[in-house]
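K.L.:
To start, I am sharing the structure in question, which I have written as structure tokens.
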Amino acid sequence: MKICVIGGGGAIGGYLAVMLSRAGNDVTVVARGATLAAIKERGLTLIHDEHPEPLVAKVKAVEKITDVETPDVVILAVKAHQVDPIIHDLAAIVGPETILIPMQNGIPWWYFQKLSGEYQDHTVETVDAGGVAKKAINPDNIIGCVVYPATFSEAPGVIRLVEGNRFPLGELNGEVTERVQKMSEMMTQAGFKSPVLEDIRSEIWLKLWGNMTFNPISALTHGNLEGICQFPLTRDLARNMMAEAQAIAGKLGVTFRVDIERRIAGAEKVGKHKTSMLQDLEAGRSLEVDALLGSVIELGKITNTPTPCLNTVFALTKYLDENIQATGGSLALPPVGDCYALN
């Protein structure tokens, strides 16, 4: 299979690229800067405690999406706020038969496409202002996916897998087609668990339940998953945020296969893992707050659902992100001698 991984030097993209390449697929990754140079020189490396030796894959690496010949499969493994700047280059390499698997967290731009009902083809402005992505990409090319593994970039071209290998897949209209079964087989052969789901949107909400709560709370507190779940006040906050989101999802026809307490317990089991948003904060990168939280609040508005807890956490995290960008990616406390007490 001829596969292009956009964001292939990142944590999730790199994990996928290594495993898919080692399974015999022809993999090209799109990366930049030091990561691109490292991949060209040494390949992509995956480190996991279950393997005594690092897994190395020699993959093709390019800087520009448009340097890629039309592939069989495109895996879009960039953050949601990074999609808009590349959407037209992405559209240029997606042929009529190309399968596009977007792997963004949060509510995706395609959420209401091929979804019957009152909100069919509604544009999720928070993640797709003006419907740019919706207009550029034919929904017939898209297969939905939910990303569960926890990974991080240890160095340019070096990915560490913390835990997980689940990437459920599903057609936007819920059909179990030959092509989605083929994608499931491709992922399974590479060592992933990729069941085909008839309701990929419910799975998106199940994953989002955790991302929209633990990610911003971790960024605001610098806490890890275990700590947030074990501290009573942050656990209660996460529970309240999840309840608001569940009310929204219910109005959109979504059902949850686990309850809130079980979802929180699942996050706690991951342990002292830093969320992706906390990793971005520490690295001075933009926070994925619009896709993970702003989009949910937007759906709350269109379904007339109150979201007081979500609004508060969103406002604080959004301001934190603004400060990060204004200070060039650095937030530091002043020296003790420069502090003044306010009575």
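K.L.:
How much length, in nm to one decimal, is gained on full extension between Arg42 and Arg262, taken as 0.36 nm per residue of separation minus their Cα-Cα distance?
P.N.:
Additional length available on full extension: 75.0 nm.
K.L.:
Quick one: plug the Kirkwood hydrodynamic radius of the chain (C-alpha pairs) into Stokes-Einstein at 37 °C, 0.692 mPa s, and report D in µm²/s.
P.N.:
Using the Kirkwood radius from Cα pairs, D works out to 158 µm²/s.
K.L.:
Given the convex hull over the Cα atoms of segment 75-121, what projected area results after averaging over all orientations, in nm²?
P.N.:
3.9 nm²
K.L.:
Let me ask something else. What is the local net charge at Leu281, summed over the other residues whose Cβ is closer than 10 Å to its Cβ (Lys, Arg +1; Asp, Glu -1)?
P.N.:
Within the 10 Å Cβ shell, the charges total -1.
K.L.:
Here's a follow-up. Restricting to Cα pairs below 8 Å that are 6+ residues apart, what does the relative contact order work out to for segment 2-198? Please round to a whole percent.
P.N.:
Working: 424 pairs, mean separation 41.7, N = 197.
Computed value for segment 2-198: 21 percent relative contact order.
K.L.:
Show me the ranking of peptides 97-103, 16-22, 49-55 by mean Cβ neighbours inside 10 Å, starting with the highest.
P.N.:
16-22, 97-103, 49-55
K.L.:
Additional query: In a GNM of the chain with a 10 Å cut-off on Cα contacts, which of Pro139, Pro232, Pro306 has the highest mean-square fluctuation?
P.N.:
Taking springs between Cα atoms under 10 Å, the residue moving most is Pro232.
K.L.:
A further question follows. Could you check how many percent of all C-alpha pairs in segment 98-244 are farther apart than 26 Å?
P.N.:
36 percent
K.L.:
If I require 15 Å or longer along the helix axis, counting alpha carbons, and a Kyte-Doolittle average no lower than 1.0, what helices from the chain are left? Use full DSSP H segments.
P.N.:
Values: long enough: 11-22 (17 Å, 1.20); 178-189 (16 Å, -1.17); 200-221 (31 Å, 0.26); 232-251 (29 Å, -0.24); 260-270 (16 Å, -0.32); 308-326 (27 Å, 0.17).
Taking the DSSP H segments of the chain (at least 15 Å long, mean hydropathy at least 1.0), we get 11-22.
K.L.:
Here's something else I'd like to know. For segment 1-93, what does the convex hull of the Cα positions come to per residue, in cubic angstrom? The partial results should precede the final answer.
P.N.:
On the way: hull volume 8.7 nm³, N = 93.
Residue-normalised Cα hull volume stands at 93 Å³.
K.L.:
Which semi-axis lengths, in whole Å and largest first, follow from the square roots of five times the eigenvalues of the Cα gyration tensor of segment 176-271?
P.N.:
Gyration-tensor ellipsoid for segment 176-271: 29, 18, 10 Å.
K.L.:
Along the charge dipole of the chain, Cβ charges K/R +1 and D/E -1, which of Ile47, Ala245, Leu172 sits furthest on the positive end?
P.N.:
Of Ile47, Ala245, Leu172, it is Ile47.
K.L.:
Using Cα pairs under 8 angstrom and six or more residues apart, how large is the relative contact order of segment 201-326, in percent?
P.N.:
Once normalised by length, the contact order is 36 percent.
K.L.:
Suppose a student asked you for the relative contact order of the chain, using Cα pairs under 8 Å spaced at least 6 residues apart; what percent would you report?
P.N.:
Values: 632 pairs, mean separation 49.8, N = 343.
For the chain, the relative contact order is 15 percent.
K.L.:
Among the aspartates and glutamates, which fall within straight-line cross-link reach of Lys274, defined as a Cα-Cα distance under 12 Å, with same-chain neighbours fewer than 8 residues apart omitted?
P.N.:
Qualifying aspartates and glutamates at Cα under 12 Å: Glu226, Glu282.
K.L.:
Using all Cα-Cα distances in segment 50-169, what percent lands in each 5 angstrom bin from 0 up to the longest?
P.N.:
Percent of pairs per bin, in order: 2, 9, 17, 21, 19, 15, 9, 5, 2, 1, 0.
K.L.:
Next question, about the same structure. What net charge do the residues around Gly131 carry, taking every other residue with its C-beta under 14 Å from that of Gly131, with Lys and Arg at +1 and Asp and Glu at -1?
P.N.:
Net of charged neighbours comes to -3.
K.L.:
Counting other C-beta atoms within 10 Å, and keeping those with at most 13, which DSSP coil GluC sites (Glu not before Pro) do you find in segment 138-182?
P.N.:
The qualifying sites are Glu175.
K.L.:
Relative to the Cα centre, what is the charge dipole magnitude of the chain, using +1 at the beta carbon of each Lys and Arg, -1 at the beta carbon of each Asp and Glu, and rounding to the nearest 20 debye?
P.N.:
Working: 31 positive and 40 negative charges, 76 e Å.
Charge dipole of the chain: 360 debye, to the nearest 20.
K.L.:
Give me D for segment 201-326 in µm² s⁻¹, whole number, from Stokes-Einstein with Rh from the Kirkwood sum over alpha-carbon pairs, 25 °C and 0.890 mPa s.
P.N.:
For these conditions, the coefficient is 169 µm²/s.
K.L.:
For a quick protection proxy, order the peptides 240-251, 317-328 by their average other-Cβ count within 10 Å, most packed first.
P.N.:
My ranking of the peptides, most packed first, is 240-251, 317-328.
Any read-out appearing in this document is the output of simple, stated calculations on the displayed coordinates, not a laboratory observation. Bear in mind the structure is a predicted one, so any value in this text is a computation, not a measurement. As a convention, Cβ positions derive from the backbone with ideal geometry for all residues, glycine included, and neighbour counts pool all protein chains shown.
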